[in-house]
Amino acid sequence: MAELAPNVGDQGALSRGDGVFVAAWDNALGLAWESFRAGTTPVGAVVVSAGGSIVAAGRGRRYEASGPPGQLAGSHIAHAEINALEQLSSQRHWEDHRLLTKLEPCGMCHGAAIQANIGALMFAGPDPYGGTATLRFGSPKSRRRSLAITGPLADARGAFATLLHLVWLMQKAGTEHIVALHKQTMPAFTAYATDVESELATASAAGDYATAFAVAVAAPW
């Protein structure tokens, strides 16, 4: 899977080697796995410093009745990115930080990252239905506080992120049109997800993250 060029602006000092963010990506994907097992949109997100330290984290809780204090749940806007960004203080700007998210952000989360004054955003897996990585906001604020966006990850982490999302969609009623779009844009990967859906469900029931990730490693990414 090819990586998109930065969306708006220049990463500048935020352009660090991927190795700096290994632990942060592990955390984001682990949170997505928790959401998948909870039956809700499987997305995890973390805010990291330029050195890779995690300063905030959140996961999707759209179809959960409750969450930790201060976290949104049971709402269509209870997205992982929102739950991570809401923890950032308004007493400073965060241009030297970046948001790492398991899935290409929707318009709401994309805009929230700009509003939170984050300097850059990276996503692991593409979202051909709701993703807005190529969207340009034309407001003076968005031009002044440019947000560099890169993704997806061209490795097993990107495959795992996409596989969780696609299998979750396959198991949820009313999402046939979204699955059809995935089949159109990534036919080989969608066919693979169909083949391993039951295997991933078994791993989820057992809480077996290692097996689930191994399934993604073999995906035609």
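Here are the numbers for the structure shown:
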| quantity | calculated |
| --- | --- |
| Residue within the range 80-88 that is surrounded by fewer than 24 Cβ atoms within 10 Å (Cβ to Cβ), closer than 26 Å to residue 182 by Cβ and modelled with pLDDT of 95 or more present | yes |
| Selection count, the range 94-124, where residues are open to solvent by 50 Å² or more (accessible area, probe 1.4 Å) and either free of Cβ contacts under 8 Å to residues at least 40 places away in the same chain or in contact with an Asp or Glu (Cβ under 8 Å, 6 or more places away or on another chain) (or both) | 2 |
| Given (1) under 12 Å from the mean Cα position of the chain (by Cα); (2) at pLDDT below 95, index of the condition residue 20 fails | (1) |
| Index of the failed condition, residue 77 passing every other in (1) modelled with pLDDT of 95 or more; (2) within 26 Å of residue 154 (Cβ to Cβ) | (2) |
| Neighbours by Cβ (under 9 Å, 6+ apart or cross-chain): first from the range 199-221, within 13 Å of residue 33 (Cα to Cα) and of a type in the set (Asp, Glu); second modelled with pLDDT of 95 or more and in a helix (DSSP H, G or I) | 208/202 |
| Among residues of the range 173-193, those that are more than 19 Å from the chain's Cα centre (by Cα) and under 21 Å from residue 34 (Cα atoms), counted | 1 |
| Residues located in the range 200-212, provided they are under 12 Å from residue 164 (Cα atoms) and open to solvent by 50 Å² or more (accessible area, probe 1.4 Å) | 209 |
| Exclusive hit being at pLDDT below 95, over 23 Å from residue 21 (Cα atoms) and of a type in the set (Ser, Thr, Tyr), set 139, 198, 146, 204 | 139 |
| Qualifying positions in the range 132-177 - open to solvent by less than 30 Å² (accessible area, probe 1.4 Å), part of a loop (DSSP other than H, G, I, E, B), in contact (Cβ under 8 Å) with a residue 12 or more places away in the chain and not aliphatic (A, V, I, L, M) | 132, 152 |
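The values are calculated or read from the model by the stated rules, or taken from the named source; none is laboratory data. Model, not experiment: these values are computed from the prediction. Note that we place each Cβ from the backbone using ideal geometry, even for glycine, and neighbour counts take in every protein chain shown. The area values use the complete protein model at the heavy-atom level, side chains included, leaving out ligands, DNA and RNA. Shrake-Rupley method; radii C 1.70, N 1.55, O 1.52, S 1.80 Å.
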